[in-house]
There are 2 protein chains.
Amino acid sequence: MAHAGGHAGRHDARHLHKGQQTRAAILDAALSLASQMGIEGLSIGALAEVTGMSKSGVFAHFGSREELQISVIREYHAKFEEEVFRPGIQAPRGLPRLRALFEGWVRRVAAEIDSGCIYISGAVEFDDRPGPVRDALAGMVLMWHAALSRAIRISVECGHLLPNTDPMQVLFEIHGLILSLHHDARFLRSPGSVERARTAFERVVAYYASPAVQAAVAAATPGAASPSH
Amino acid sequence: MAHAGGHAGRHDARHLHKGQQTRAAILDAALSLASQMGIEGLSIGALAEVTGMSKSGVFAHFGSREELQISVIREYHAKFEEEVFRPGIQAPRGLPRLRALFEGWVRRVAAEIDSGCIYISGAVEFDDRPGPVRDALAGMVLMWHAALSRAIRISVECGHLLPNTDPMQVLFEIHGLILSLHHDARFLRSPGSVERARTAFERVVAYYASPAVQAAVAAATPGAASPSH
């Protein structure tokens, strides 16, 4: 009995495991389809074609197109968190952490030049399409923005940035650098965008940095972080 | 005869005029359709529905969907030029002109919060769809970028910005502010984005400004253009 029970348990686990694997494989295909066609380009039919599965097979894993779209956004968010957020917050509190988060973000956008960032393209796709998909997307973007503004606030607390620094203003400016990078590298295919984003980030940070940090940054990278006059 | 000829001429002119009016009306409807649905959302069929014309009526003015899309991009560009570029270049050479161009751009994006900017959303729509529509769009965007980088270069020549200013770097940064404004105001519906864009622009300009201009700006707007430490 114990053996049979154990066997049945293993069988269930294997079955569950296989179901999860299939779901993960569909999600993977959905993610790459979404980065090419947009989240609105996602449909059960298109996904069935890409994965070679039947429509009902895909449908068994995602009950509706909307559920599929939201699952893709969550999957993208999980990957983003794993690649950008988690390594970034390993860095010491304050400017080093903010810089690590920004650098991870730049690398991710640079790596996505051929596929596109679902956050950025999704924002344009859904900026006038209210509903659960837009809400899921905005929720993920706001979660990332909150993580960044927390890192900025900690930089102020650590004395790395000036006490009167407005975290939302800093966030607005560094987010702009990422959007500019995505636009120039992906749409205009213009070279040098990654370096421009990094240069500008150091300039933004230097502006808001407290005098002690500013002096340290200037000493470490002459010319890069302070105006050359 | 002279009278008849004159009459026929007037008739032709009126006919031509009417054709142009119809075309302009279709283009107007197409522009607003494109800002809602994206340039890819434009089709002869959708436009016929919106204007209450027959498909063949719309088709007579725009021979293909692609021609329609390109005409809409050109029309958007003409309006952008009229509203942003032309008033902007009336301002005196140097920083005043650069500031006027940026301010016009901010106002245009702010006014478009409910419709969306075709340049910005089009860039995301067409960043991986090569072809004549993408080329037309990129051409218009690059033309505007060239106008801005010319204004930046003139600011350097006038001595308003430092001689070692990299116009492409400044352009990258101020374009990012516009993209951030568009994202936050339109997708996140977050208030205060227009003011954030303006504040950041003054900060960018102050960074690259020559000492004389920097002192003048600091005197005119204490705290806004220079770090408060």
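The values are calculated or read from the model by the stated rules, or taken from the named source; none is laboratory data. Values in this document were obtained by computation on a predicted structure and should not be read as measured data. Positions of Cβ are generated from backbone atoms using ideal geometry, with glycine treated the same way; all protein chains shown enter the neighbour counts. SASA here: full protein model, heavy atoms, side chains in, ligands and nucleic acids out. Shrake-Rupley method; radii C 1.70, N 1.55, O 1.52, S 1.80 Å.
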Exercise for the section: Can you give me the number of residues within the stretch A:98-111 that are open to solvent by 40 Å² or more (accessible area, probe 1.4 Å) and at pLDDT below 95? Expected result: 1
Problem - Hey, B:Met168 more than 16 Å from B:Arg107 (Cβ to Cβ), in contact (Cβ under 8 Å) with a residue 24 or more places away in the chain and under 19 Å from the mean Cα position of the chain (by Cα) or not - result: no
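May I ask you to verify whether B:Val205 is in contact (Cβ under 8 Å) with a residue 40 or more places away in the chain and either within 7 Å of chain A (Cβ to nearest Cβ) or not polar (S, T, N, Q) (or both)? Explain how you work it out, then say what you get.
Values: in contact (Cβ under 8 Å) with a residue 40 or more places away in the chain: yes; either within 7 Å of chain A (Cβ to nearest Cβ) or not polar (S, T, N, Q) (or both): yes.
The answer is yes for B:Val205.
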Exercise for the section: Taking A:Ala146 as meeting all but one of (1) in contact (Cβ under 8 Å) with a residue 40 or more places away in the chain; (2) more than 9 Å from chain B (Cβ to nearest Cβ); (3) over 16 Å from A:Tyr207 (Cα atoms), write down the number of the exception. Expected result: (1)
Handout entry: Failed condition for A:Phe62, given (1) among the aromatic types (Phe, Trp, Tyr); (2) without any contact (Cβ under 8 Å) to a residue 40 or more places away in the chain; (3) within 14 Å of chain B (Cβ to nearest Cβ)
Key = (3)
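Hey, among the residues in the stretch B:134-143 that are out of contact with any Leu (no Cβ under 9 Å at 6 or more places or on another chain) and free of Cβ contacts under 8 Å to residues at least 40 places away in the same chain, which one's surrounded by the most Cβ atoms within 10 Å (Cβ to Cβ)?
Filtering the stretch B:134-143 down to residues out of contact with any Leu (no Cβ under 9 Å at 6 or more places or on another chain) leaves B:134-137, B:139-140, B:143.
Subsequent filtering for residues that are free of Cβ contacts under 8 Å to residues at least 40 places away in the same chain retains B:134-135, B:139.
Working: B:Arg134: 20, B:Asp135: 13, B:Gly139: 13.
The residue in question is B:Arg134.
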Problem - Test result for A:Ile70, touching a residue at least 60 places away in the same chain (Cβ under 8 Å), of a type in the set (Val, Ile, Thr) and more than 14 Å from chain B (Cβ to nearest Cβ) - result: yes
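How many of the residues in the stretch A:73-94 are part of a loop (DSSP other than H, G, I, E, B) and without any contact (Cβ under 8 Å) to a residue 60 or more places away in the chain? Break it down into steps so the answer makes sense when it comes.
Kept after step one, since they are part of a loop (DSSP other than H, G, I, E, B), are these residues of the stretch A:73-94: A:90-94.
Right, trim to without any contact (Cβ under 8 Å) to a residue 60 or more places away in the chain and you get A:90-92.
So the count comes out to 3.
With respect to A:Ser210, is the statement that it is farther than 30 Å from B:Arg129 by Cβ and either surrounded by fewer than 16 Cβ atoms within 10 Å (Cβ to Cβ) or among the small types (Gly, Ala, Ser) (or both) true?
yes
For the structure I just gave you, tell me whether A:Gly122 is in contact (Cβ under 8 Å) with a residue 24 or more places away in the chain, at the interface with chain B (Cβ under 9 Å from one of its Cβ atoms) and either touching a Pro at 6+ places or on another chain (Cβ under 6 Å) or not basic (Lys, Arg) (or both). Full working, then the answer.
Values: in contact (Cβ under 8 Å) with a residue 24 or more places away in the chain: yes; at the interface with chain B (Cβ under 9 Å from one of its Cβ atoms): yes; either touching a Pro at 6+ places or on another chain (Cβ under 6 Å) or not basic (Lys, Arg) (or both): yes.
Against the criterion (in contact (Cβ under 8 Å) with a residue 24 or more places away in the chain, at the interface with chain B (Cβ under 9 Å from one of its Cβ atoms) and either touching a Pro at 6+ places or on another chain (Cβ under 6 Å) or not basic (Lys, Arg) (or both)), A:Gly122 qualifies.
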Exercise for the section: Report yes if some residue within the stretch B:149-163 is facing chain A (nearest Cβ under 10 Å) and either farther than 19 Å from A:Ile113 by Cβ or surrounded by fewer than 13 Cβ atoms within 10 Å (Cβ to Cβ) (or both); otherwise report no. Expected result: yes
Completion exercise
Of the residues in the stretch B:112-133, those that are more than 12 Å from the chain's Cα centre (by Cα) and surrounded by fewer than 20 Cβ atoms within 10 Å (Cβ to Cβ) come to B:Ile113, B:Asp114, B:Ser115, B:Asp128, B:Arg129, B:Pro130, B:Gly131, B:Pro132
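Could you run through the stretch A:182-202 and say how many residues are at the interface with another protein chain (Cβ under 8 Å from one of its Cβ atoms) and either open to solvent by less than 10 Å² (accessible area, probe 1.4 Å) or in contact with a Ser or Thr (Cβ under 9 Å, 6 or more places away or on another chain) (or both)? Spell out the reasoning first.
First, pick out the residues of the stretch A:182-202 that are at the interface with another protein chain (Cβ under 8 Å from one of its Cβ atoms): A:183-184, A:186-188, A:192-193, A:196-197, A:199-200.
Still in the running and either open to solvent by less than 10 Å² (accessible area, probe 1.4 Å) or in contact with a Ser or Thr (Cβ under 9 Å, 6 or more places away or on another chain) (or both): A:183-184, A:186-187, A:193, A:196-197, A:200.
Looking only at that region, the number is 8.
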Exercise for the section: State yes or no: is A:Ala123 at pLDDT below 95 and in contact with a His (Cβ under 8 Å, 6 or more places away or on another chain)? Expected result: yes
